[in-house]
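Structure, as structure tokens:
All of the numbers you see were taken from the coordinates with simple rules; none came from a lab. Note that this is a predicted model, so its numbers are computed, not measured. Please note: Cβ atoms are built from the backbone with ideal geometry, for glycine as well, and neighbour counts cover all protein chains shown.
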Amino acid sequence: MTVMPRPSILSVEPYVGGESKIPGVNRVVKLSSNEGAFGPPPGAITAIQNMAAEAHRYPDGGVTALREAIGTRFSLDLARIVCGNGSDELLALLILAYGGEGTELVMSAHGFMMYDITGRWAGCRIIKVPERNLTVDVDAMLAAVGPRTKLVCLANPNNPTGSILPQSEIVRLRAGLRDDILLVLDSAYAEYVTRPDYDAGAALVDAGGGNTVMTRTFSKIYGLGGMRLGWAYAPEAVVGVLARVRGPFNVNAAAMAAGIAAVQEPDWIEKSIAHNTEWRGKLAAALTTAGVKVWPSEGNFLLADFGSPEKAKSADAALKSRGLIMRAMGGYGLPACLRISIGTGEECQMVADAIAAFMAQHG
Ligand SMILES: Cc1ncc(COP(=O)(O)O)c(C=O)c1O
């Protein structure tokens with residue numbers, strides 16, 4: 001006899017993050033975790049340094065100053081903002097609170113992996129719905145919903161596909177779901193979207209059904225992945241649930257200080273969007289010219305399709321030999337693809353050159 005967790009937990013495949021080191025290579029360019037091209041905002045770096053001497057103090061459990069700053073930045077009611085240790089934590093808390101044994105969680109076939117991982121932890125049956133051209137198919141999602149469905153989780157834009165649903169489709173999805181199903185709109189990449197027909201999720205939360213939540217992160221455009229900071233905008237009742245299940249100090253003091261400074265950093269978002277749009281386009285064009293299929297992306301990354309798992313693997317090895325780390329996609333069921341985060345202009349150029357050289361040899 002030995003100690004055993006709940007059986008569903010052993011069905012979880014542990015999350016494997018992006019690699020960050022290559023043995024024997026000094027200069028490594030890490031484009032495997034969509035971390036933002038510019039590092040942390042300068043004001044956030046200063047804020048983290050300035051709070052270091054206060055590190056013995058417990059942080060404000062109510063996270064008031066940060067929620068105020070987020071509310072001001074995004075014109076949202078701070079009473080409906082809940083912060084977490086990365087949006088991963090908030091997604092997990094939502095899935096654990098609303099899912100559980102005997103329930104179902106519906107997600108798209110290549111939806112963000114954490115829904116599957118936490119859904120299994122919670123004991124939910126995970127239903128993965130086929131996509132159309134790597135884009136969420138609303139009709140198929142609705143058809144997959146059954147009487148036990150309690151959660152529908154959707155990243156918009158989606159990681160790793162980069163695809164997006166316009167607001168009209170999200171509204172149609174919500175309208176087709178029963179009222180007792182929580183729709184989780186994970187908008188980790190919202191800031192990068194340039195399409196005008198997009199809403200990150202606040203509109204549906206505000207529509208008042210009480211059953212839609214938007215999650216956001218500081219790990220992407222704000223360059224603070226290492227601080228672990230995310231937030232949710234949720235209906236009052238869901239805010240109440242999160243208040244019951246979150247740790248009393250789930251957001252640490254350094255993350256809070258950094259987050260406040262980040263949302264107040266002048267021109268940060270504008271500069272980051274302009275850079276991302278420019279280099280996402282340039283890199284996509286360069287890869288296409290080299291003979292690699294690139295899926296359309298609204299995020300800060302591209303999904304590059306090499307046509308076969310073998311070729312993707314060789315491309316990955318060739319890139320690594322030049323110190324360039326991408327994200328292999330076998331774990332997502334896309335073994336012919338590599339996901340490439342948009343880095344600095346120089347980094348994107350290095351990737352473009354390396355892939356062009358690889359394709360010239362192996363095309
Ligand atoms: C779609 C999506 N949601 C959530 C997250 C988690 O972000 P965080 O760092 O806020 O936990 C990521 C990070 O890769 C993501 O791609």
- Item | Cα→Cβ-extended label distance, 7 Å offset, between residue 78 and residue 314, nm | 5.8
- Message: Normalised radius of gyration for the chain, please: alpha carbon Rg relative to 2.2 N^0.38 Å, two decimal places.
- Response: 0.99
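Using alpha-carbon pairs under 8 Å, 6+ residues apart, how would you state the relative contact order of the chain in percent? Walk me through the intermediate numbers first.
Working: 714 pairs, mean separation 85.9, N = 363.
Relative contact order for the chain comes out at 24 percent.
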- At 222 nm, what helix-only mean residue ellipticity would the chain give, in deg cm²/dmol to the nearest 500, using -39500 (n - 2.57) for each DSSP H run of four or more? -12000 deg cm²/dmol
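Which order, highest average first, do 223-233, 319-329 follow once you tally other Cβ atoms within 10 Å for each residue and take the mean per peptide?
Values: 223-233: 23.3, 319-329: 20.7.
The packing order, highest mean first, is 223-233, 319-329.
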- Task: Under 15 Å between C-alpha atoms is the cut-off here; go through the chain and count lysine pairs that meet it, provided they're at least eight residues apart or on different chains.
- Result: 9
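Just in the range 66-122: which GluC sites (Glu not before Pro) are loop by DSSP and have at most 13 other Cβ atoms within 10 Å? Walk me through the numbers before you get to the answer.
Working: sites: 68, 89, 101, 104; in loops: 101.
Here the sparse-neighbourhood loop sites are 101.
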- Message: Among 119, 142, 170, which residue has its Cα furthest toward the positive end of the charge dipole of the range 116-176, with +1 on Lys/Arg Cβ and -1 on Asp/Glu Cβ?
- Response: 119
- So how strong a dipole does the range 184-333 carry about its Cα centre when Lys and Arg Cβ are +1 and Asp and Glu Cβ are -1, to the nearest 20 debye? 660
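With a ≥ b ≥ c taken as the square roots of the eigenvalues of the C-alpha gyration tensor of the range 73-117, please select rounded if a/c is under 1.5 and otherwise prolate if a/b is larger than b/c or oblate if it is not? All intermediate terms of the calculation are to be shown ahead of the outcome.
Numbers: a/c = 2.36, a/b = 1.79, b/c = 1.32.
Note, shape of the range 73-117 comes out prolate.
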- Using the alpha-carbon centroid of each, what span in Å lies between the range 225-240 and the range 275-289? 32
- Message: List the trypsin sites (Lys or Arg not before Pro) within the range 20-79 that DSSP assigns to loop and that have no more than 11 neighbouring Cβ atoms inside 10 Å.
- Response: 21, 27, 57
- Query: So for the range 157-249, taking the charge dipole from beta-carbon charges (+1 Lys/Arg, -1 Asp/Glu), which of 247, 210, 181 sits furthest toward the positive end?
  - Reply: 247
- Item | Cβ-placed point charges (K, R +1; D, E -1), dipole of the chain about Cα centre in debye, nearest 20 | 720
- Task: Would you please name the trypsin sites (Lys or Arg not before Pro) within the range 112-198 that are DSSP coil residues with at most 11 other C-beta atoms within 10 Å of their C-beta?
- Result: 178
